[in-house]
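Working notes for the structure below.
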Amino acid sequence: MEIGLVLLDWSDKEGNNEDQSYYKEQTKKLTEWYSTMSQGKLAVNWRVSETWNRLEGSWKDYRAEDNEQGSDEARVPFEQWLLDEAVAASDSAFDFGGLDAVVFAIPTNGTVMTSGTQGFEYNNFPGSKRATLVNSQEATIGNWVISGSKFMDKKGRSPSWIHWAHELGHMFGPISHMGDPNPKNTNNFYANTLYGVGLFADQWVVTRAVEGWNAWLLGWHEDNQVLCVDATTMDDEIFALNDARSAETGAKMLVIRTGKTTGLVIESREWDESIDSPTRMGKTGYYDSFVMYQIDSSRFIGDLSLRTLANGSTDEAWDSGKWPSEAEVFTNIYFKPGDTAEFAGLSIEPLTVQKGKDFIRVAKIKN
């Protein structure tokens, strides 16, 4: 995947060397993450602008609060104007040719945007009301992203690369798990049916992995790394699983089938301070655990095709101190030794969570 990084600034909000170094480091983080999650099957190559490209006018002309952007359709005129201004400022100095996606980066001081915004190639079709394009001399590009202040954190809590990785993940297809339609007056557990499992589902997930099911669909997990059993024939068995980001070639997930298109996926998670969100509970080992989610491949992504299994044996827990405040959501989807889940007449019991292989027991519930 070929990605361009285009640095943009204004006369009244100038870019500096510190921000330039920060963004270059973010490109390395994203490249390493995609390589790890794809087990080396996806290579990300960057083309980085060496200087800041000056936008016309004041930074205040470009300010866009999240709550002022409105619907996807209402945002298009502003976004296309933004892209046109970005290209006008950079096209003479930056080569857009051959790129699959473009990341635009702005100075980190102050707030031009809060979350940022993005667009994707699949929105560009006749009659689309969400179409936006990077129209350069060398190429027309439909995939682009720009991060706002919520994704400019330099302490590892909400850095730019997690926003880029999540948004660019839309290019692959299986990513958004917001309810469709998103139920009103519901908490995040129901609004995002896969929160806490993977970064493709939510960029503020603490353990920054890709859901194993989607990794397998993308061809990043080999078939022999998926253990598949039938719920009706299970008796009592112990399974060994490697952490989702482990370099080991062993099993990455267990699938318990309940039908032709349905089942339960079980994966191991191990918090890694070098890449994961530096939260209080992460540092105490809380996220070293198993995650489980139901699958129904007959349903489309926004229609509950993947649904996290909550840990009903624990009280709802909140990882306070995360940043930004929107990232402080429930954490009771993690199963540790001593917890038990029940699914399709089976008892599922984590045995050990450790560096390397983790063990989990699946047994038929006796009447």
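Do any of K155/K283; K28/K336; K322/K357; K154/K283; K29/K155 go past 21 Å between their Cα atoms, and which? Kindly include the intermediate steps, with their values, before the conclusion.
On the way: K155/K283 15 Å; K28/K336 33 Å; K322/K357 29 Å; K154/K283 18 Å; K29/K155 14 Å.
K28/K336; K322/K357, as the Cα separations exceed 21 Å there.
Could you order R54, R75, R208 so the one with the most accessible surface comes first? Probe is 1.4 Å.
Numbers: R54 110, R75 35, R208 5 Å².
The ranking, largest first, comes out as R54, R75, R208.
GluC sites (Glu not before Pro), restricted to segment 277-367: which are DSSP loop and have at most 16 other Cβ atoms within 10 Å? List each step's numbers first, then the result.
Values: sites: E316, E326, E328, E342; in loops: E316, E328.
In loop regions of segment 277-367 (DSSP not H, G, I, E or B), the sparsely surrounded GluC sites (Glu not before Pro) are E316, E328.
How about K260: which aspartates and glutamates have a C-alpha closer than 12 Å to its C-alpha, ignoring those fewer than 8 places off in the same chain?
By straight Cα distance, K260 reaches D230, D296.
Determine the calculated [θ] at 222 nm for the chain from helices alone, applying -39500 (n - 2.57) to every DSSP H run no shorter than 4 residues and normalising by the residue count; nearest 500 deg cm²/dmol.
Mean residue ellipticity, 222 nm, calculated: -5000 deg cm²/dmol.
Report, to the nearest whole %, how much of the accessible area of the chain belongs to carbon and sulfur atoms, 1.4 Å probe, protein only.
Working: 7610 of 15920 Å².
The nonpolar share, carbon plus sulfur, comes to 48 percent.
Apply 1/(1 + (r/R0)^6) to the Cβ-Cβ distance of A88 and E328, taking R0 = 41 Å, and write down the FRET efficiency to the nearest 0.05.
Details: r = 40 Å, r/R0 = 0.97.
Working from the Cβ atoms, E equals 0.55.
Order K283, K24, most accessible first, counting only protein heavy atoms with a 1.4 angstrom probe. Please list the in-between numbers first.
Numbers: K283 140, K24 70 Å².
Most to least solvent-accessible, the answer reads K283, K24.
Counting other Cβ atoms within 10 Å, which GluC sites (Glu not before Pro) in segment 1-46 have at most 15 and lie in a DSSP loop? Can you show the working numbers first?
Details: sites: E2, E14, E18, E25, E32; in loops: E14.
Those satisfying the criteria are E14.
List the GluC sites (Glu not before Pro) within segment 201-283 that DSSP assigns to loop and that have no more than 16 neighbouring Cβ atoms inside 10 Å.
Details: sites: E211, E222, E237, E248, E267, E270, E273; in loops: E211, E222, E248, E270, E273.
Sites meeting the loop and neighbour criteria: E222, E248, E273.
When all protein chains stay in place, what accessible area (Å², nearest 10, 1.4 Å probe) is found for K41?
It works out to around 90 Å².
The values are calculated or read from the model by the stated rules, or taken from the named source; none is laboratory data. None of the values given here were measured: they were computed from a predicted structure. Here Cβ is always computed from backbone atoms with ideal geometry, including for glycine, and neighbour counts include all displayed protein chains. The accessibility values were calculated without ligands, DNA or RNA, using every heavy atom of the protein model including side chains. Shrake-Rupley method; radii C 1.70, N 1.55, O 1.52, S 1.80 Å.
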